[in-house]
1. Within the set of pairs 6+ apart or on separate chains, which have a first residue in region 105-118 that is without any contact (Cβ under 8 Å) to a residue 40 or more places away in the chain, a second that is of a type in the set (Ser, Thr, Tyr) and assigned to a helix (DSSP H, G or I), and C-beta atoms under 9 Å apart?
2. Considering each residue of region 29-45, count those that are within 17 Å of Phe72 (Cβ to Cβ) and assigned to a loop (DSSP other than H, G, I, E, B), and give that number.
3. In the list Leu148, Leu99, which residue meets the criterion of being in the same structural domain as Glu63 (by TED's automatic domain parsing), part of a helix (DSSP H, G or I) and of a type in the set (A, V, I, L, M)?
4. With (1) within 30 Å of Glu63 (Cβ to Cβ); (2) of a type in the set (Lys, Arg); (3) assigned to a loop (DSSP other than H, G, I, E, B) as the list, and Arg83 as the residue in question, which single condition is left unmet?
5. Mind checking whether some residue in region 124-141 is under 30 Å from Ser41 (Cβ atoms) and loosely packed, with under 10 Cβ neighbours inside 10 Å?
Amino acid sequence: MVQRFLHSLRKNRRPIPDLAPPDPLEQCAGRQVVWLFIRKSKDLTDEEQTRLSALRQASALIETIYGLVQDFLIMVREQQGERLDGWLDAIQASQIPELQSFAQGIQRDKEAVVAGLTQLYSNGPVEAQVHKLKLVKRQMFGRAKLPLLRQRLLHAV
């Protein structure tokens, strides 16, 4: 019975019309676009570079966003904190709400951001040790007292 029903559907099937090529903006998900924007151009495959150039040509707004993101990434990668004020001004002039929200977060803690973009020193190793300590402490919760925790931490280091 199901076979006869499907046979009748297949018989009466209409041909699918030729579709226009998809718009480059519709082909990419948001996360894919973000990864295309933040990765170095030399690390992109040929297909990704083609997709990125199609996206940039599709909209002037996307081209503006790409330029601002690349400026910020250059500041971070090359530790050029002195360019931060100019970049924040460009963000305010762009009138892009998402980037303005990001810039407001940077403004709130501007001194720390400038220090992170200019100084060679980092508290990353200290934060890594604190993270390791908290991880072991969470694993040991409710199992033993301080002497065993101390032994476990010394063994982890």
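The values are calculated or read from the model by the stated rules, or taken from the named source; none is laboratory data. Note that the coordinates shown come from a computational prediction; the quantities given were computed from them, not determined experimentally. Glycine gets a Cβ as well: all are built from the backbone with ideal geometry, and neighbour counts include every protein chain shown.
1. Final answer for the pair search is none.
2. Going through region 29-45, the residues within 17 Å of Phe72 (Cβ to Cβ) turn out to be 33-41.
If we keep only those that are assigned to a loop (DSSP other than H, G, I, E, B) too, we end up with 39-40.
Qualifying residue count for the region: 2.
3. Numbers: Leu148 fails: in the same structural domain as Glu63 (by TED's automatic domain parsing).
None of the others qualify; the one that does is Leu99.
4. For Arg83, the exception is condition (3).
5. Quick first cut of region 124-141, residues under 30 Å from Ser41 (Cβ atoms) only: 124.
So of that shortlist, the ones also loosely packed, with under 10 Cβ neighbours inside 10 Å come out as 124.
There is at least one residue in region 124-141 that is under 30 Å from Ser41 (Cβ atoms) and loosely packed, with under 10 Cβ neighbours inside 10 Å.
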